[in-house]
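Structure record follows, encoded as structure tokens.
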Amino acid sequence: MKLSTECLEASQVDSLLQGNLTPEEYESAQDHLELCETCRARVEATIGPEQWWSDVQSVLRSKASLHVA
């Protein structure tokens, strides 16, 4: 397996997070993220702090339960 040593571009991070990469591209990006602190920080900055996501999930669950009849 070939590991990419080049950092991910912003468009690649967006595609990764949106699930728009091919399986090969996804695997390559995951392998790179395991080794590259800079790219991990870029992904984290793109998705926001963990607490923010937890808050969003909580709100979405509560709104979903209001619409279930």
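Computed from the coordinates by the stated procedures, all read-outs in this text should not be read as laboratory data. All figures in this text were calculated on a predicted structure; none of them were measured in a lab. When we count neighbours, we look across all protein chains shown, and the Cβ atoms used for this are built from the backbone with ideal geometry, even at glycine.
Which FRET efficiency value, to the nearest 0.05, is calculated for Glu44 and Thr22 with the Förster distance at 22 angstrom and r the Cβ-Cβ distance?
On the way: r = 23 Å, r/R0 = 1.06.
FRET efficiency, Glu44 to Thr22: 0.40.
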Query raised in the report: Given a Förster radius of 22 Å and the C-beta distance between Glu34 and Asp14 as r, what FRET efficiency does 1/(1 + (r/R0)^6) yield to the nearest 0.05?
Result: 0.65
Report summary line: Sequence order, the stretch 42-47: Karplus ³J(HN,Hα) from phi using 6.51 cos²θ - 1.76 cosθ + 1.60, θ = phi - 60°, Hz rounded, Gly and Pro as x, gives 5, 5, 4, 5, 6, 8
